[in-house]
Amino acid sequence: MNLKTKIENKTMIKTEDKNKTQKSEKDIKDCERSLIIIKPDGVEKKAVGDIISRFEKAGLEIERIRVLEMDRTIAYTHYREHEGRPYFERLMNYMTSGPSIVMIIKGENAISKSRELMGPTDPAKAPKGSIRGDYGSDVTINSIHGSDCSESAEREINIFFGNYL
Ligand code: RTP
Ligand code: MG
């Protein structure tokens with residue numbers, strides 16, 4: 001439902017129809033969520049507008065958004081499962097190198113749609129037209145993060161937006 005229709009419906013609504021409104025609001029909440037980070041290289045390249053536009057054109061919505069310059073603690077909390085990998089220190093230095101844009105994206109199949117828009121981890125293997133294919137520099141400096149499953153999304157949303165859910 002577009003915004004204008006929603007406003008008109010709400011304006012016309014009678015008291016006995018209020019339950020219906022509550023149901024449709026609940027339906028919106030049931031949509032899938034993903035935690036997306038436009039990493040510091042994406043911000044430096046001024047790709048934020050283009051990247052957000054790709055999500056919008058794919059039918060996804062921004063539910064929350066913030067600009068955040070990560071410290072090591074928050075970067076570590078987010079990527080702790082990679083600790084011990086050879087690229088981990090470089091990943092920490094990368095994620096703390098400047099501001100990131102952190103967003104909750106929501107909509108039908110938000111997780112798989114986001115991963116599709118991002119392309120594979122390594123920009124060299126990512127097709128042109130994918131975010132990493134267009135903006136990524138190498139397998140670590142790859143412009144964007146997206147949750148890989150709903151459990152990860154919930155954990156990551158909690159890191160960046162507290163007990164919002
Ligand atoms: P992300 O979590 O950021 O969405 O990326 P992903 O699922 O595609 O890839 P993942 O394996 O979870 O890796 C997390 C991030 O670590 C860096 N990385 N560097 N071989 C390397 O140098 C290497 N492998 C991974 C990337 O920044 C990757 O996005
Ligand atoms: Mg991952």
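Among all stretches of the chain without exposed chymotrypsin sites (Phe, Trp or Tyr not before Pro) (DSSP loop, at most 15 other Cβ atoms within 10 Å), which one is longest? Don't jump to the answer; show the numbers that get you there.
On the way: sites that count: Tyr87, Tyr164.
The segment 1-86 is the longest one with no such site.
Charged neighbours of Glu156, selected by a Cβ distance under 15 Å, balance to +2 (K, R count +1; D, E count -1).
Between Thr73 and Asn109, the modelled label-to-label distance comes to 4.0 nm, taking each label 7 Å out from Cα in the direction of the beta carbon. According to the Cα-based calculation, Rg over Rh for region 84-145 is 1.00, with Rh computed by the Kirkwood formula. Of the cross-linked pairs Lys10/Lys113; Lys106/Lys128; Lys10/Lys39; Lys6/Lys39; Lys57/Lys128, those separated by over 28 Å at the C-alpha level are Lys10/Lys113; Lys10/Lys39; Lys6/Lys39.
What value, in deg cm²/dmol to 500, does the helix sum -39500 (n - 2.57) over DSSP H runs of n ≥ 4 give at 222 nm once divided by the residues of the chain?
-13500 deg cm²/dmol
Working note: Debye formula, equal point scatterers on the alpha-carbon atoms of the chain, no solvent; log10 I(q)/I(0) at q = 0.10, 0.13, 0.17, 0.20 Å⁻¹ is -0.42, -0.66, -1.01, -1.34. With respect to the chain, whose longest principal axis is taken over its alpha-carbon atoms, helix 18-29 is tilted by about 10°.
Since every read-out is calculated from the coordinates, none of them should be taken as a lab result. Computed from a predicted structure; not experimentally measured. Because the Cβ atoms are built from the backbone with ideal geometry, glycine has one as well, and the counts that use them run over all protein chains shown.
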